[in-house]
Amino acid sequence: MYELALAGALAFVVTLALTPRWIESARKRGLVGRDMNKPRKPKIAEAGGIVVFMAFLLGMIVVLSTYWVAGQTEFMLITAASMISLTTITAIAYTDDVSGWKMGFVRWKKPLMTTVAVLPLIPFLLDRMSISVIGCQISLPWLFYPLVMVPIGFIIATNAVNLLGGFNGLEATLAITGTLTLMWFTQGTVFFPVLFVALSGFIAFLWFNRYPSRVFPGDTFTYFAGALFAVVAVMGNFQTIMVLIMAPYILEGAIKSRELHYIYSNRQTFKPECFGIPSKDGSLKEPYPQIWSLTHVAMKFIRRLKGRCYENDVTILISGLYALWCLILIWTIG
């Protein structure tokens, strides 16, 4: 148990120590993005998720060393394969981030590229010919699960987590809540240490990403978090609970996809964003007459309730409702 505590502490301390240096380095290199919810739209360091991921890798070296010393070969192989998969997806996202804000990979290419990350997991999934969905066992053709369902699941998970954000602290807070909830359901499994080490980095990163944010997570962070959820769901057979944990991301995707024809027809001039329109006093209004995001729903609700909506209000409301949803899952299922 002390080895796991050491791994988590290492990930936490490294994230806490290196993020300020990353902020300084990113600014010098021009790796910055506009904080769209601020009146003056200041430039903020981007891609801070790379520090979280590097700290995660260091923590996981401790975990792998523990398995090696204890002779737990199976645990070591599963964890190593999971880390290779996570590294592949995070590398793709980081490459996109460093290409510049809104100048990276074409939107449809990046999801397809993430399917490469499935390859290290396939040897562990070859005999998987059924899945359990809400207590019902569903039989599948041979290789259908690893070659069809898993790549699709990775595309959905990584991109769904990337959809909901744009507000200081929101992505990190949601990732922390989702990881904590998944840890509850994975106690005693090989995936609990993986989640614990990642959680330690997420918590440390929130210190810099909270309002007013000094660094943005970037796709590096959100794709890593989404891939983390996907790996645990796929390898550990936690598909049902993972779908429930990802409910807000799935809802966000449903909101954005309900008018795909309109978005495609106006793709040159209209790309729906989660941001609000800031006033001089820092309050926010919805950017469109239509609702294109849960953040727009939150802004509209808060303005009707309080008269004005500020950026941190949106983060607190969405994060609070998500935490409540996860507590309900633990109470009813766990």
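The values are calculated or read from the model by the stated rules, or taken from the named source; none is laboratory data. Here the structure is a predicted model, which is why all the values come from computation and not from measurement. All Cβ positions, even for glycine, are placed from backbone atoms using ideal geometry, and neighbour counts span all protein chains on display.
If the condition is being of a type in the set (V, I, T), within 16 Å of I250 (Cα to Cα) and in a helix (DSSP H, G or I), then segment 277-302 contributes T295, V297.
Residue-level check: of (1) at pLDDT 95 or above; (2) outside any loop (DSSP other than H, G, I, E, B), N168 misses just (2).
In segment 213-231, the residues that are closer than 15 Å to I203 by Cα and in contact (Cβ under 8 Å) with a residue 40 or more places away in the chain reach residues that are in a loop (DSSP other than H, G, I, E, B) and aliphatic (A, V, I, L, M) with C-beta atoms within less than 9 angstrom, at least six apart or across chains, in these pairs: V215/A47; F216/A47; P217/A47; F221/A47; T222/L164. Mind listing whichever residues of segment 48-72 are modelled with pLDDT under 95 and either aromatic (F, W, Y) or within 19 Å of the chain's Cα centre (by Cα) (or both)? Scanning segment 48-72 gives Y67, W68.
Show the residue pairs meeting these rules: Cβ distance below 9 Å; 6+ apart or different chains; first residue within segment 105-118 and more than 14 Å from Y94 (Cα to Cα) and among the charged types (D, E, K, R); second residue crowded, with 17+ Cβ neighbours inside 10 Å and modelled with pLDDT under 65. The qualifying pairs do not exist here. Of the listed requirements (1) under 15 Å from G166 (Cα atoms); (2) part of a helix (DSSP H, G or I); (3) among the polar types (S, T, N, Q), T240 misses just one: (1).
Exactly one residue among S279, S319 is among the small types (G, A, S) and more than 15 Å from G166 (Cβ to Cβ), and that residue is S279. Taken together, the criteria place F196 among residues that are out of contact with any Phe, Trp or Tyr (no Cβ under 6 Å at 6 or more places or on another chain), assigned to a helix (DSSP H, G or I), among the aromatic types (F, W, Y) and in contact (Cβ under 8 Å) with a residue 24 or more places away in the chain. Counting only residues that are more than 27 Å from Y67 (Cα to Cα) and in contact (Cβ under 8 Å) with a residue 40 or more places away in the chain, which one in segment 4-29 is surrounded by the fewest Cβ atoms within 10 Å (Cβ to Cβ)? This residue is P20. Looking only at residues of segment 279-334 that are closer than 30 Å to T179 by Cα, of a type in the set (G, A, S) and in contact (Cβ under 8 Å) with a residue 24 or more places away in the chain, we find that the one that is surrounded by the most Cβ atoms within 10 Å (Cβ to Cβ) is S293.
The single residue among V51, V32, V63 that is surrounded by 14 or more Cβ atoms within 10 Å (Cβ to Cβ), within 30 Å of L284 (Cα to Cα) and in contact with a helix residue (DSSP H, G or I) (Cβ under 7 Å, 6 or more places away or on another chain) turns out to be V32.
Considering only residues that are of a type in the set (A, V, I, L, M, F, W, C), in a helix (DSSP H, G or I), farther than 20 Å from N209 by Cα and over 18 Å from the mean Cα position of the chain (by Cα), which ones fall in segment 311-334? Those that are of a type in the set (A, V, I, L, M, F, W, C), in a helix (DSSP H, G or I), farther than 20 Å from N209 by Cα and over 18 Å from the mean Cα position of the chain (by Cα): L324, L327, I328, L329, I330, W331. Would you list the helices (runs of 4 or more DSSP H) that sit entirely within segment 73-165 and hold 1 or more residues that are of a type outside the set (G, A, S) and modelled with pLDDT under 80? Qualifying helices (runs of 4 or more DSSP H): 109-113.
Does segment 174-199 hold any residues that are in contact with a Gly (Cβ under 7 Å, 6 or more places away or on another chain) and either over 17 Å from S82 (Cβ atoms) or of a type outside the set (V, I, T) (or both), and which are they? If the condition is that a residue be in contact with a Gly (Cβ under 7 Å, 6 or more places away or on another chain) and either over 17 Å from S82 (Cβ atoms) or of a type outside the set (V, I, T) (or both), then W184, F185, F191, F196 are the ones that fit. Residues that are at pLDDT 85 or above and β-branched (V, I, T) were ranked within segment 252-278; the one that is surrounded by the most Cβ atoms within 10 Å (Cβ to Cβ) is I255. Scanning segment 197-243 for residues that are surrounded by fewer than 22 Cβ atoms within 10 Å (Cβ to Cβ) and either closer than 21 Å to G33 by Cα or at pLDDT 95 or above (or both) returns I203, L206, W207, R210, Y211, P212, R214.
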